[in-house]
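See below for the structure under consideration.
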Amino acid sequence: MLNEIEYERIEEDIALGKELQDRVAVYFGLEEGCPVHKIKKALFKGTACGAWIEFPEHGLAVGSIVEGSDIDCESHHFDWTGEEDVESFLNKALDEIEREADILWRECNEDDIN
């Protein structure tokens, strides 16, 4: 059985996770409180590389699988305490993932292009 302090910590963790998901949803032009699957779909459809996103405890992770290969782009992890700038992280991480996916795709498919 949880004591009062443990219960409060769990409640704080849940609230922090919801706040992060809401900020990410707004970043992708969605409404706060939307289901996580809508955030995942917006990211996948909104990037050329079909990036993915996960929400592990106290943060998020983004990455991509290079189409037509068994190669993953480097995933980017973000630990969030409620004060960091998630929007700047997403801008930088998604730019890097898009560039890396393009380079890796070209390396894997250059024979098919030429």
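The values are calculated or read from the model by the stated rules, or taken from the named source; none is laboratory data. Since this is a predicted model, take the numbers as computed values, not measurements. For neighbour counting, all protein chains shown are included, and Cβ atoms are generated from backbone atoms with ideal geometry for every residue, glycine included.
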Problem - Single residue of the stretch 61-89 satisfying the filter (touching a residue at least 40 places away in the same chain (Cβ under 8 Å) and in contact with a Phe, Trp or Tyr (Cβ under 6 Å, 6 or more places away or on another chain)) that is farthest from residue 51 (Cα to Cα) - result: 87
Completion exercise
Sole miss for residue 32 among (1) within 30 Å of residue 109 (Cβ to Cβ); (2) touching a Lys or Arg at 6+ places or on another chain (Cβ under 9 Å); (3) modelled with pLDDT under 95 is condition (1)
Exercise for the section: Please verify whether the stretch 92-109 includes one or more residues that are modelled with pLDDT under 95 and on the phi > 0 side of the Ramachandran plot. Expected result: no
Fill in the blank from the handout: Out of (1) modelled with pLDDT of 90 or more; (2) more than 13 Å from residue 102 (Cβ to Cβ); (3) among the hydrophobic types (A, V, I, L, M, F, W, C); (4) over 12 Å from the mean Cα position of the chain (by Cα), the one residue 80 does not meet is (1)
Fill in the blank from the handout: Restricting the stretch 63-87 to residues that are in contact with a Cys (Cβ under 9 Å, 6 or more places away or on another chain) and among the aliphatic types (A, V, I, L, M), the one surrounded by the most Cβ atoms within 10 Å (Cβ to Cβ) turns out to be 66
Completion exercise
Given the conditions (1) more than 12 Å from the chain's Cα centre (by Cα); (2) under 28 Å from residue 18 (Cβ atoms), every one holds for residue 71 apart from (2)
Exercise for the section: Within the stretch 34-43, identify whether any single residue is touching a residue at least 40 places away in the same chain (Cβ under 8 Å) and exposed (fewer than 14 other Cβ atoms within 10 Å of the Cβ), and answer yes or no. Expected result: no
Fill in the blank from the handout: Apart from one, (1) among the small types (Gly, Ala, Ser); (2) modelled with pLDDT of 90 or more; (3) over 11 Å from the mean Cα position of the chain (by Cα) all hold for residue 64; the odd one out is (3)
Handout entry: Breaking point among (1) modelled with pLDDT of 90 or more; (2) over 27 Å from residue 104 (Cα atoms); (3) surrounded by 12 or more Cβ atoms within 10 Å (Cβ to Cβ), for residue 54
Key = (2)
Practice task
Kindly state which strands (runs of 3 or more DSSP E) lie completely within the stretch 15-92 and contain at least 3 residues that are touching a helix residue (DSSP H, G or I) at 6+ places or on another chain (Cβ under 8 Å) and polar (S, T, N, Q).
Solution key: none
Exercise for the section: Hey, can you tell me all the residues within the stretch 90-114 that are touching a strand residue (DSSP E or B) at 6+ places or on another chain (Cβ under 8 Å) and in contact (Cβ under 8 Å) with a residue 24 or more places away in the chain? Expected result: 90, 93, 94, 97
